Amino acid sequence: MDTLLPLLLMLAAAAPLHSAQTEVSVPHAQKFVDAGDGVRLWYSESGKGSPVIVIHGGPGMDHFSLAADLAPLARHHRVIYYDQRGGGQSTLPADPALLSIEHHVSDLEALREQLGLTKVTLLAHSFGPAIAALYAIRYPERVERMIFLSPIPPRKGKFFEEFGAALGQRLTDDQRKRAEELSESFEKTGDVTAVCRQYWALMTPPRLAKSSPATLVKSDFCSAPPEAIRYGMTKTNAATFGSLGDWNWTADLAAVKAPTLIIHGEEDAIPMAMVSEWVTALPNARIIRLPRTAHFPHAEQPKIVFPAIETFLGGAWPKSAVAK
C-alpha cells in the first residue's frame, strides 16, 4: 500500500510490536470498559438525551480526532466517546492478534453492555463505519440506527489504489517526500507529538475541499499521550487494516435493517462511487452527497450536516438524503 495512506487511513507499513503490553496512565476519574482479554477501553459521556456512540477513524487514532467538531451533538444527545484499543487512552496491546477487526467489534459490544443499552445508535467516521457495519452484521437486533461520515467503502476492490492516487495528486513532490520522512520518523523520534503536528499540518489540507481552510477542523489529531500516538501510527493501523483482508461486506449487509444515513463529500479522496455502494448494499440506507466538501463534512458543512443528523435521529430522513 502507498505510504501516503496515513491516519484516517493511516499507515499500512508493518512494524515490530512492543514486547510488553502498555496501558496509558490517565486520571483516576476516567471511565474504562474491561474488554475481557486484558484490554481496557477508555470512554466518556457528555450531554443529555438519546444516546449516540461515536466511533472514531484511524485505526489507531482516538476520540479527540472528532470530539471538538462533533460538539453540537451534545446539545440534544447523550454522546458517548471511546478510544479504540491500540490508541488514545485505551490499552496498547503487545500481541498484534488483539488488534483485529473482530476484537474492535467485540469491544463495541462490551461498551454497550457496560452502558446498559438495549439498542445503540452509532455515528462513525472514516474507518469507523467498518466497525459499525460489522457490529450491525453480528448484532443486527442491537442497532437502532447508524450514521456514516466519510466512510471507507463496503468492499475493498481498488480502493487503496484510487484513494492513494486521488490523495497523491493533491500533494507536490516535495510534500510527498516530506510526508514520507515524517511517517518514517514516528517509530524512533524523541518528540512524537511534534512530528504528529508537523505531519497533520501537511496532511490535513489534502483531505479538505479546495475552498475549505485547514482551520475549519477544530479536533486535535495529536492530543493522545505520545506513546499512544507512536503505537497507533506504527502498530495499530497496520494490524487492524491487515485483519480486514480482501473485504467485501455487501452480501452480509442485507441482514442489517437499521436505518443508515451516509454523508459524503464530493471532493473526498475516498471515491464517491465506492461509498455509494453502502446505499445499494444496505436495505434501509440513504446518502447525502455534499458539494464543496471532502473528508470532514461535520467540520466543513456543519450548517447542513448537524440539522440533517438531528432530523435523522428524530426518526425522519433529511430531504437531501437519497436512496440511490
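Bear in mind these aren't lab numbers, they're just calculated from the coordinates by the rules spelled out. Being a predicted model, the structure only gives us computed values, none of them experimental. Cβ sites come from the backbone with ideal geometry, for glycine too, and all protein chains shown count toward neighbours.
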>> Cβ neighbours within 10 Å, averaged per peptide: list 185-194, 107-116 in order, most packed at the top.
In response: 107-116, 185-194
>> I need the peptides 147-160, 52-65 ranked by packing, meaning the mean over residues of other C-beta atoms within 10 angstrom, with the highest value on top.
In response: 52-65, 147-160
> In which sequence would R292, R78 go, from the one with the fewest C-beta neighbours within 10 Å to the one with the most?
Replying inline: R292, R78
> Which aspartates and glutamates have a Cα less than 14 Å from the Cα of K218, not counting those fewer than 8 places away in the same chain?
Replying inline: D69, E300
> Gap in Å between the Cα centre of segment 183-242 and the Cα centre of segment 136-169?
Replying inline: 20 Å
>> Cβ neighbours within 10 Å, averaged per peptide: list 239-246, 263-270, 293-300 in order, most packed at the top.
In response: 293-300, 263-270, 239-246
> With the chain treated as a Gaussian network of Cα nodes joined by springs under 10 Å, which of A136, A285, A94 yields the largest mean-square fluctuation?
Replying inline: A94
> Within straight cross-link reach of K257, meaning Cα distance under 28 Å, which lysines are found once same-chain residues fewer than 8 apart are removed?
Replying inline: K48, K119, K156, K158, K319, K324
> Once you sort the root eigenvalues of the Cα gyration tensor of segment 208-274 as a ≥ b ≥ c, which label holds: rounded (a/c under 1.5), prolate (a/b larger than b/c) or oblate (the other case)?
Replying inline: oblate
> Using a Gaussian network for the chain with springs between C-alpha atoms less than 10 Å apart, which of these wobbles most: W278, W247, W200?
Replying inline: W247
> Cross-link partners among lysines for K188, C-alpha distance below 16 Å, same-chain residues fewer than 8 apart left out?
Replying inline: K235
>> Just want the answer: with Cβ charges of +1 for Lys and Arg and -1 for Asp and Glu, which residue in A238, A133, F148 is farthest toward the dipole's positive end in segment 133-256?
In response: F148
>> Need one word for segment 213-324: rounded, prolate or oblate. Basis is the Cα gyration tensor (sqrt eigenvalues a ≥ b ≥ c); a/c below 1.5 gives rounded, then a/b vs b/c decides.
In response: oblate
> Which length gain, in nm to one decimal place, applies between R292 and E187 when the Cα-Cα distance is subtracted from 0.36 nm times their residue separation?
Replying inline: 34.2 nm
